[in-house]
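Colleague: Take a look at this one; I'll ask things after.
The values are calculated or read from the model by the stated rules, or taken from the named source; none is laboratory data. Not measured: the values here are computed from a predicted model. Cβ: placed from backbone, ideal geometry, glycine included. Neighbour counts: every protein chain shown.
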Amino acid sequence: MPDPTPPDPTPPDSVLPGVGLPATSLLSYVPAGLPGLRVAFTSVAEGNLALHVGDDPGRVASARAGLEARLGLAPGGLRFMEQVHSATVHEVPAGPARPGASVPVADALVSADASAALAVMVADCLPVVFAGTAGSGAATAVAHAGRRGLLEGVLQATVGRLRVAGAQHLQAWIGPAVCGRCYEVPAALAEEAEHLLPGIASTTSWGTPALDLPAAAAALLEGLGVAVESSGVCTLEDPSYYSYRRDPKTGRFAGLVWTDAPASPDPDRSGPSQPAPA
């Protein structure tokens, strides 16, 4: 979500789980060559997962618990962060989450041994999920890349931290986000962003200056030697996903990476790489 203003504290109707959408709607992928690892992006059907948008905390807790159960995770197993549009990366300690542990203030999480289930929340910004080999195992990460974070280097910082942890053969998945046809910005901002990250400037479908965050992120990651797969879904165009630009009183969906449990449910819909139960 590109640079939101503080939301209205009144719980908005739009934060409620999607009406008329399928009960299962994860967009899911299986990382190549990394048995047991899973990548997915939720939708409004899974409900709002954010505590900072004015939604009822009990309803958010229920949505998170339902998602964790569906993924075969223990209650509280998903690791979240307080996202602030920065390039700060936090490495999650190995092992299960500690009850009552503080939520890190960061815009990327890294699990050097892939033991932690990671989540990044968005509603127009890029949710980017990473996985790679690390010794005989794997390393994983998630990153929140809005305009500011992308220009400040959150993706480079995440890739750098993964490589320090020994990760190789990195793969990245760019989930649903506002597209370059829809992310309208002032001309001066587009010019400034293009100077900082060539290739990010775009034009809306109605002919005004815009930024194409997904395309810029994909090019940046490919330049770092990361294999990239993009969902191609625009959150502003597709009501299956929360969009701050469409409605500032909205929830957040999530990008996820976790280690699959043997008894996880069947897939609802799979991304184009390898079909995955979720």
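Colleague: Of all residues being in contact with a helix residue (DSSP H, G or I) (Cβ under 9 Å, 6 or more places away or on another chain) and assigned to a strand (DSSP E or B) in segment 117-130, which is farthest from G180 (Cα to Cα)? Just the residue, please.
Modeller: That would be A117.
Colleague: Sort through V92, V103 and tell me the only one that's among the hydrophobic types (A, V, I, L, M, F, W, C) and at pLDDT below 95.
Modeller: Checking each option against the conditions leaves just V103.
Colleague: Of everything in segment 126-154, what is within 15 Å of I200 (Cβ to Cβ), among the hydrophobic types (A, V, I, L, M, F, W, C) and touching a Pro at 6+ places or on another chain (Cβ under 7 Å)? Give them in sequence order.
Modeller: L126
To keep it simple, each residue is scored yes or no on (1) farther than 25 Å from L109 by Cβ; (2) of a type in the set (S, T, Y).
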site: Q168; (1), (2): no, no
site: G180; (1), (2): yes, no
site: E192; (1), (2): yes, no
site: L196; (1), (2): no, no
site: S231; (1), (2): no, yes
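Colleague: If you go through segment 233-272, how many residues are modelled with pLDDT of 50 or more and assigned to a loop (DSSP other than H, G, I, E, B)?
Modeller: 21
Colleague: Select from segment 136-169 the residues that are surrounded by 22 or more Cβ atoms within 10 Å (Cβ to Cβ) and hydrophobic (A, V, I, L, M, F, W, C) and list them in ascending order.
Modeller: Matches in segment 136-169: A138, A139, A141, V142, A143, A145, L150, V154, L155, V159, L162, A167.
Colleague: What is the one condition in (1) surrounded by 24 or more Cβ atoms within 10 Å (Cβ to Cβ); (2) among the hydrophobic types (A, V, I, L, M, F, W, C); (3) in contact with a helix residue (DSSP H, G or I) (Cβ under 9 Å, 6 or more places away or on another chain) that W173 does not satisfy?
Modeller: (3)
Colleague: A further question follows. Filtering segment 206-237 down to residues that are acidic (D, E) and without any contact (Cβ under 8 Å) to a residue 60 or more places away in the chain, which residue is farthest from A131 (Cα to Cα)?
Modeller: E237
Colleague: Kindly indicate whether any position in segment 89-102 is touching a residue at least 40 places away in the same chain (Cβ under 8 Å) and of a type outside the set (A, V, I, L, M, F, W, C).
Modeller: yes
Colleague: If P12 satisfies every condition in (1) in contact with a Ser or Thr (Cβ under 9 Å, 6 or more places away or on another chain); (2) at pLDDT 90 or above but one, which is the exception?
Modeller: If we test P12 against (1) in contact with a Ser or Thr (Cβ under 9 Å, 6 or more places away or on another chain); (2) at pLDDT 90 or above, just (2) comes out false.
Colleague: Would it be correct to say that T208 is within 27 Å of L27 (Cα to Cα) and of a type in the set (S, T, N, Q)?
Modeller: no
Colleague: Let me ask you something else. Of the conditions (1) surrounded by 24 or more Cβ atoms within 10 Å (Cβ to Cβ); (2) within 21 Å of E237 (Cα to Cα); (3) small (G, A, S), G180 clears all except one; give me its number.
Modeller: For G180, the failing item is (1).
Colleague: Please determine whether any residue of segment 198-213 is in a helix (DSSP H, G or I) and more than 24 Å from V89 (Cβ to Cβ).
Modeller: no
Colleague: List every residue pair whose Cβ atoms lie under 7 Å apart, where the two residues are 6 or more positions apart in sequence or sit on different chains, the first residue falls within segment 46-70 and is in a helix (DSSP H, G or I), and the second residue, located anywhere, is of a type in the set (D, E).
Modeller: Note: pairs meeting the criteria are A63/E46; L67/E46.
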